[in-house]
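Accompanying notes for the structure given below.
The values are calculated or read from the model by the stated rules, or taken from the named source; none is laboratory data. In this text the structure is predicted, and so the values were computed from the model without any measurement. Here Cβ is always computed from backbone atoms with ideal geometry, including for glycine, and neighbour counts include all displayed protein chains. Surface accessibility is based on the protein's heavy atoms, side chains included, excluding ligands, DNA and RNA. Shrake-Rupley method; radii C 1.70, N 1.55, O 1.52, S 1.80 Å.
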Amino acid sequence: MSSTTETQALRPDRKKSRLHLDIIGLGIAVVMIFPVYWLVISSLRPNREIRSYDQKLWPTSITFDNFARAIDQPNFTTAIQSSLIVAVTAVVGGMIIATLAALAIGRFRFFGRKPLLLIMILVQMLPPTAMLIPIYAQLNAMGGIDEYWGLIVVYLVSTLPFATIMIRGFVVNIPVELEESAMVDGLTRFGAFRKVVFPLLAPGLAAASIFALVNAWNEYLFAYILINDNSKYTLNVWLMTFTTERGTDYGALMAASTMIALPVVIFFMIIQKKMAAGLTSGAVKG
């Protein structure tokens, strides 16, 4: 009887602590969402209201002229083309190489396998700026400056360690017996991989691909340093063109930034379920 009374006495405290956690979580969510909200709202404000000192949470009038000016900005279509070429090639190439590497590390036992995994984890800790000068010097010697392939190689290599480690988490959790059974039924090793293993790797590939896409689509520093040709600017570098000697067109800049963010958001919404499964299932120790 006494234990029941103590349990009932603890319930209000438990509810109160849960309420506090909910309030803290809501506050953190507001802080994280507010910059995105302000970006979208600013893209719909007239320029005079953006420059005003009297800012409000909701614009007094809504205009789409900012989007029109952003689309009419020089090199808009070429910037989209450059970003698509670089991002899609880096993501697809990175996922192919990462999958092959994850299969090799997860399925086969070879000398140096564990040190290789450790090196990949350590590489992820290095800040990109620490490697900027060596990468520039190497690409300059190879003729990769002002070339798409130079930027693609940088993005592809930068996502490989994380993608390989994540996909490996799926590989080690797929029983080898599934492949062996498929091969006994007449499939080749590649056929067993395509029909049995690959569908089970889909969540891991989705999670790794969104990471690779965000890295390639939103990256600015390497794109700015390695690409000097205006006709090959990626979208993030192209945003610099909204700042001129006359000042910055903040309305068009906000509108362009909103449009640039949309592809990643749409891609994330399409694969979010598989990505959630990938982040949890791939974390299982193999």
Counting as exposed only chymotrypsin sites (Phe, Trp or Tyr not before Pro) in DSSP loop states with no more than 10 other Cβ atoms inside 10 Å, the longest exposed-site-free span of the chain is 112-286
In order over the range 210-215: 3J(HN,Hα) from phi, Karplus 6.51/-1.76/1.60, θ = phi - 60°, whole Hz, x for each Gly or Pro, gives 5, 5, 5, 5, 4, 5
Result for the chain: accessible area per residue, probe 1.4 angstrom, in square angstrom, of 61
In the range 169-264, the trypsin sites (Lys or Arg not before Pro) that sit in a DSSP loop and have at most 13 other Cβ atoms within 10 Å of their own Cβ are Arg246
In whole percent, the fraction of accessible protein surface over the range 96-177 that belongs to carbon or sulfur atoms, probe radius 1.4 Å, stands at 75
Rounded to 0.05, the calculated FRET efficiency for the beta carbons of Ala137 and Ile80 at R₀ = 30 Å is 0.50
Expressed as a whole-number percentage, the relative contact order of the chain with C-alpha contacts under 8 angstrom and at least six residues apart is 30
Per the helix-only model, the chain has a calculated mean residue ellipticity at 222 nm (DSSP H runs of ≥4, -39500 (n - 2.57) each, divided over all residues, rounded to the nearest 500) of -24500 deg cm²/dmol
